[in-house]
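*Asks:* Dropping the structure in here first, questions after.
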Amino acid sequence: MLDRRQILNKSLTIALAGGLGLVSFSSKRVAAKSQVLEGIHHQNWFQETSFDLQKDLANAKKSNKNLVLLWEQIGCIYCAKMHANVFTRPDIVELITDNFHVVQMDMRGKRKFVGLDGREATESQIANAMIVNATPTTMFLDHEGDITFRAPGYVKPKFFKAIYQYVIEKAYEDQTIFEWLKTHKFS
């Protein structure tokens, strides 16, 4: 499991790359098919939460997929861009749905959950405990519930696709995302 310092370092690396434009990609735009539920965009292929992250983790494992906690919040313009520009690409949606069990979470949410630690807490308390302080944040967990990688913020579609593939390949075990990207091409 990554310690707090490693999580922040990985988060900072991805945020800087996206923010500085080190990774710049483009894609065709497709009409958005998301719907807005309680102020947050939602995809019909997201998994319904059981409000118990241990059960959501078990459901992901049962389907031989890894759990993704997708942290968003009401009014997040970059979350809206993610839904409009990334989650409308069939190739990306197929890659995600074939390999991941995505549960949408509200960083400021008041809904009660059972966390991965077995304790009851609100979404915002879980976000705080998991060091989620920006949206969107895509958090990848292994079958034991350990965070294997996180991608904070919005990046263009090609890079989102690369991030998911990086996690599928478990390349985070021995390469930074930047090392890995040097040997992989995405469109």
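Rule-based calculations on the coordinates, nothing more; no lab input. If you're wondering where the values come from, they're calculated on a predicted model, not measured in any experiment. Note that each Cβ is placed from the backbone with ideal geometry, even for glycine, and that neighbours are counted across all protein chains shown.
*Asks:* Tally the residues that are in a strand (DSSP E or B) and either surrounded by fewer than 17 Cβ atoms within 10 Å (Cβ to Cβ) or under 17 Å from the mean Cα position of the chain (by Cα) (or both), restricting the search to segment 91-116.
*Replies:* The number of residues fulfilling the criteria is 8.
*Asks:* Considering only residues of segment 97-134 that are without any contact (Cβ under 8 Å) to a residue 40 or more places away in the chain and among the acidic types (Asp, Glu), which is nearest to residue 72 (Cα to Cα)?
*Replies:* 123
*Asks:* While we're looking at this one, here's another question. Look at residue 155 and say whether it is surrounded by 21 or more Cβ atoms within 10 Å (Cβ to Cβ) and either farther than 25 Å from residue 92 by Cα or touching a residue at least 12 places away in the same chain (Cβ under 8 Å) (or both).
*Replies:* yes
*Asks:* Right, another one. Please find, among 134, 129, 80, the residue that is aliphatic (A, V, I, L, M), surrounded by 15 or more Cβ atoms within 10 Å (Cβ to Cβ) and farther than 17 Å from residue 43 by Cβ.
*Replies:* Exactly one residue qualifies, and that residue is 134.
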